[in-house]
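Remarks on the structure that follows.
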Amino acid sequence: MSDQTEAAPSTKLYPSSSFVSGGGKWITTGLFVEFAQAPTHCIFTTKEEDLEKNGKIYQSFTKLYMAYTEKDPTEYILSDIVLGGWDHLQEMLKARNLKGYLLALRSRNAARIKSQAIRHIAEEMNTEGKSSFQAAKLLLDKGWIPAQEKTSRTYKKKDKEEDKEALVLLKDDAKRLGLNLN
């Protein structure tokens, strides 16, 4: 983690004016070199690493996001230090081109937090302390493998649909061969 990510919550990486257009509106997609129509306001890249393009370095928003949400998954500190504030982040989430990218970052961060929590539970289980039994029970009951999203009802419905399709194909083949199936 760089020194910038250890900054106090009141220290901004960029001046607030970097995030507002001349008309007083939040700049959203225009901050990213991949989405901007012109590089006028670009500060960030969606790449995993910083990007140098035409002599200018664009900071990896992915790297900043992961650094600032490691201890604050609410994104509040990120929005306060890296962006123009909470309202700015909310506007970015509404931007069609950014929404999927930001939601993917949230999902990645949630997986990281879950992974850390499971590791801590597993460590507690191995301590043989008072809560080791509960930790072991939790790992056995909940596990760490995501539950299968499809239910048996979904499978039964899919099987019925496949059966109907197969029957139609069979009848078509029988008709083509001159066979009568009833």
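We did not get these values from a lab; they are worked out from the coordinates using the rules stated. Not measured: the values here are computed from a predicted model. Heads up, the Cβs are rebuilt from the backbone with ideal geometry, glycines too, and the neighbour counts pull from every protein chain shown.
Filtered by the rule that a residue be in contact (Cβ under 8 Å) with a residue 40 or more places away in the chain and of a type in the set (A, V, I, L, M, F, W, C), the range 9-30 gives L13, F19, V20, W26. Pick from the range 29-74 the residues that are β-branched (V, I, T) and in a loop (DSSP other than H, G, I, E, B): which of them is farthest from R106 (Cα to Cα)? Here the residue is T40. Taken together, the residues in the range 63-84 that are free of Cβ contacts under 8 Å to residues at least 12 places away in the same chain and under 18 Å from F19 (Cα atoms) amount to 2.
Here E91 meets the list (1) under 28 Å from V20 (Cα atoms); (2) under 15 Å from the mean Cα position of the chain (by Cα); (3) surrounded by 11 or more Cβ atoms within 10 Å (Cβ to Cβ) almost entirely, failing just condition (2).
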